[in-house]
Amino acid sequence: MAAGGSSDPEEKGAGAGQRGSCLCGGVVYRIRGPMRAVIECHCTACRKTTGHYLAATQAWTGDFELETADSLRWYASGPTSRRGFCDRCGATLFFEFSGSGKISIAAGSLDGRTGLTTAFGIYADDKGDYYDLPDRRHFPAASDNRAPLPPREK
Ligand SMILES: [Zn+2]
Ligand SMILES: [Zn+2]
């Protein structure tokens, strides 16, 4: 994906990284770098904020650029974490640990084909009782080291 990138700074189409957006278009972002495999999180906080559970990829913040952030708001979900959402359409978009250098991105907000696969689920013990876990591996807590974000290319 990054390999075919255009050198034209005006280029906003295919080849300029992975684009993503919220439902209303008030938040548009682009990732120009590697993306982590998708991890599903069944923790209570992710279930509350999404209304079900969170399926998220991750990128280096240095590879992440907001093209439009008119309706982006951040909620301090913990002393060192925040969640980004659209205050117009309500989309769940981002999760960030302050100072981590990485941003988790709701996979459903990515536009078009992503080439990603889902690696596993975490916090399975916190899942709701109204659904069955997908048929994949699950771990009791955060497990980023099992599906690390590839290093930056530049
Ligand atoms: Zn929106
Ligand atoms: Zn979670």
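Readers should treat all values here as calculations from the given coordinates under stated rules, not as data from a laboratory. The shown structure was predicted, so the numbers you read here are calculated from the model rather than taken from an experiment. Because the Cβ atoms are built from the backbone with ideal geometry, glycine has one as well, and the counts that use them run over all protein chains shown.
One table, with the values for the structure above:
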| quantity | calculated |
| --- | --- |
| R0 of 30 Å, Cβ-Cβ distance residue 98-residue 68: FRET efficiency to nearest 0.05 | 0.80 |
| Whole-number D in µm²/s for region 18-138 (Stokes-Einstein; Kirkwood sum over Cα pairs; 20 °C, 1.002 mPa s) | 146 µm²/s |
| Charge dipole magnitude, Cβ of K and R +1, D and E -1 - the chain, Cα centre, debye nearest 20 | 180 debye |
| Computed helical MRE - 222 nm, the chain, DSSP H runs ≥ 4 contributing -39500 (n - 2.57), nearest 500 | -1000 deg cm²/dmol |
| Label-point separation in nm, residue 80 to residue 138, each point 7 Å along Cα→Cβ | 2.7 nm |
| Of all DSSP beta bridges in region 21-144, antiparallel share, percent nearest 5 | 80 percent |
| Volume per residue of the C-alpha convex hull in region 97-154, rounded to whole Å³ | 148 Å³ |
| Amide H partners (placed H, <5 Å) of residue 120, local residues excluded | 40 |
| Pairwise label distance in nanometres, residue 126 with residue 87, each label 7 Å out on the Cα-Cβ vector | 2.5 nm |
